[in-house]
Amino acid sequence: ETPWGLSLLQFEYSPTFRMRFPLLYVAFYFASLLLESIRLLTHKKLIETQELYRYLYAHDALTKLYNRHGFNERMDRFFSAKQKNLVLIILDIDHFKTVNDLHGHLTGDAVLQCAGSAIAEAVGERGCVCRWGGEEFAVLIPECGDLSQETEMLLGAIRAVSVPTEQDAVAVTVSIGAALACRTECVTAVQLVNAADACLYRAKERGRDRAEQ
């Protein structure tokens, strides 16, 4: 629309025709802006979906703790890093089937949630907690200083759990099996799990509500 710009034109164009160019530019600009906004929104939703998928893959839906997949990944990292004094603690809720039979599965779910929260709170940032399966939980603690102290603390934390029902409150206890790998390069994850499992069975055989290591 300037004299210099008009001098570049080979032919005479009407003002209406010349106005189409900036209008088309504006239209393309807003169309591109809309497409870019849609692209960014789609990309954000994709990232959120991927993060949700990763979380669901590694966490238990009921207790929000790690599941076996997430827990095994953490264990593999500790073994790859040759972590020293790595402790695996497996906890089994005593007489859990009786809780389900007497009070129903909703109360059983509440017991699992309360027990999981108590274990996670007791362990804190020192380690990671997993719902191992069914009524079993697992705890992995690197650089453990005193294994007996850790297991006694977990026993006390679970004994403090009380789940209310319509009739009364359900008291919770656990049997614990614990195994210590002083040097992870000398054992495998399977051997550590088998050792903790064996200790857990001893705890059950010797009366439950106790820890064996």
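Applying the condition of being part of a loop (DSSP other than H, G, I, E, B) and over 14 Å from the mean Cα position of the chain (by Cα) to the range 122-139 and asking which residue is nearest to THR173 (Cα to Cα) yields GLU135. Among the residues making up the range 161-176, those that are open to solvent by less than 80 Å² (accessible area, probe 1.4 Å), out of contact with any Cys (no Cβ under 6 Å at 6 or more places or on another chain) and assigned to a loop (DSSP other than H, G, I, E, B) are THR165, VAL172, THR173. Which of the numbered conditions does ASP209 fail, given that it passes all the others? Conditions: (1) in a helix (DSSP H, G or I); (2) in contact with a helix residue (DSSP H, G or I) (Cβ under 9 Å, 6 or more places away or on another chain); (3) open to solvent by 20 Å² or more (accessible area, probe 1.4 Å). Of everything listed in (1) in a helix (DSSP H, G or I); (2) in contact with a helix residue (DSSP H, G or I) (Cβ under 9 Å, 6 or more places away or on another chain); (3) open to solvent by 20 Å² or more (accessible area, probe 1.4 Å), ASP209 misses just condition (1). Those helices (runs of 4 or more DSSP H) of the range 1-85 in which 2 or more residues are out of contact with any helix residue (DSSP H, G or I) (no Cβ under 8 Å at 6 or more places or on another chain), surrounded by 10 or more Cβ atoms within 10 Å (Cβ to Cβ) and of a type outside the set (Gly, Ala, Ser) occupy 15-58, 68-80.
Can you confirm whether the range 135-156 contains a residue that is out of contact with any helix residue (DSSP H, G or I) (no Cβ under 7 Å at 6 or more places or on another chain), of a type in the set (A, V, I, L, M, F, W, C) and closer than 19 Å to LEU65 by Cβ? Yes, the range 135-156 contains a residue that is out of contact with any helix residue (DSSP H, G or I) (no Cβ under 7 Å at 6 or more places or on another chain), of a type in the set (A, V, I, L, M, F, W, C) and closer than 19 Å to LEU65 by Cβ.
Candidates in the range 137-151 are the residues that are surrounded by fewer than 18 Cβ atoms within 10 Å (Cβ to Cβ) and touching a residue at least 24 places away in the same chain (Cβ under 8 Å); of these, the one that is nearest to PHE78 (Cα to Cα) is GLU143.
The values are calculated or read from the model by the stated rules, or taken from the named source; none is laboratory data. These numbers were taken from a predicted model, which means no experiment stands behind them. All Cβ positions, glycine included, derive from the backbone under ideal geometry; neighbour counts span all protein chains shown. Areas reflect the complete protein model, heavy atoms only, side chains present, ligands, DNA and RNA absent. Shrake-Rupley method; radii C 1.70, N 1.55, O 1.52, S 1.80 Å.
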